[in-house]
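First the structure, in the form of structure tokens, and then the observations on it.
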Amino acid sequence: MSSSLRTFKPVRVAFPPSISFKKAHKYLLDNIGWAKKSLDYVRKVEQEYKAITVNKPMVPKPKAKQILKKRLRELANEHGFEYKKVFVKNQKTRWGSCSDRNNINLNINLVSLSQDLIDYVLLHELLHTRIKSHCKEFWAQLDKYVAGRARDIHKRLKRHRPGPNA
């Protein structure tokens with residue numbers, strides 16, 4: 001049996017057809033603490049997302065893409081990074097990624113974040129053009145680009161969600 005909670009989705013408990021409703025109900029009751037705790041967390045995330053979208057005017061997609069691509073190019077030039085292509089999409093679970101071919105994907109919702117968080121994500125992905133993993137060397141190098149605050153900024157970024165279905 002499995003349970004899952006997702007933001008902006010109803011609570012779902014799935015179980016194989018061979019399991020009786022009575023057993024499924026018992027499973028849910030046995031795990032009610034987890035369900036309540038998780039539901040509280042999901043509601044908190046939903047409220048935070050709504051607060052962000054209500055308090056921050058939406059940037060039109062073409063303008064958001066322009067802003068992100070321009071800033072990525074500026075940071076790459078400033079720090080000597082090279083990348084192949086950049087794609088700006090409405091991703092649900094990631095702020096950004098870098099492919100093995102050094103193509104960079106950015107979440108269009110980055111424009112709703114503060115400038116230091118945007119720059120952190122862009123520098124993070126640019127650094128992946130040189131170091132493909134999150135090894136100690138990666139974090140040490142990233143610290144050089146964000147004034148020794150990589151872990152702190154990373155923690156702040158985790159308070160935000162890339163999209164409503166994350």
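Values quoted throughout were computed directly from the atomic coordinates according to the rules given, and no laboratory measurement underlies them. These numbers come from a predicted model, not from an experiment. Cβ atoms come from the backbone with ideal geometry, glycine included; neighbour counts cover every protein chain shown.
For the peptides 106-113, 127-134, 65-72, residues were scored by their other Cβ atoms within 10 Å and the scores averaged per peptide; the highest-first order is 106-113, 65-72, 127-134.
Could you tell me which of the pairs K85/K158; K23/K155; K26/K155; K92/K155; K23/K92 are separated by over 30 angstrom between their Cα atoms in the structure shown?
Numbers: K85/K158 26 Å; K23/K155 40 Å; K26/K155 37 Å; K92/K155 19 Å; K23/K92 34 Å.
Among K85/K158; K23/K155; K26/K155; K92/K155; K23/K92, the Cα-Cα distance tops 30 Å for K23/K155; K26/K155; K23/K92.
Just tell me which aspartates and glutamates come within less than 17 Å, Cα to Cα, of K136; anything on the same chain fewer than 8 places away is out. List returned: E125, D152. Rounded to the nearest whole Hz, the Karplus-based 3J(HN,Hα) values (6.51 cos²θ - 1.76 cosθ + 1.60, θ = phi - 60°) of the stretch 32-47 follow the sequence 4, x, 4, 4, 5, 4, 5, 5, 4, 5, 4, 4, 4, 4, 4, 5, with x at glycine and proline.
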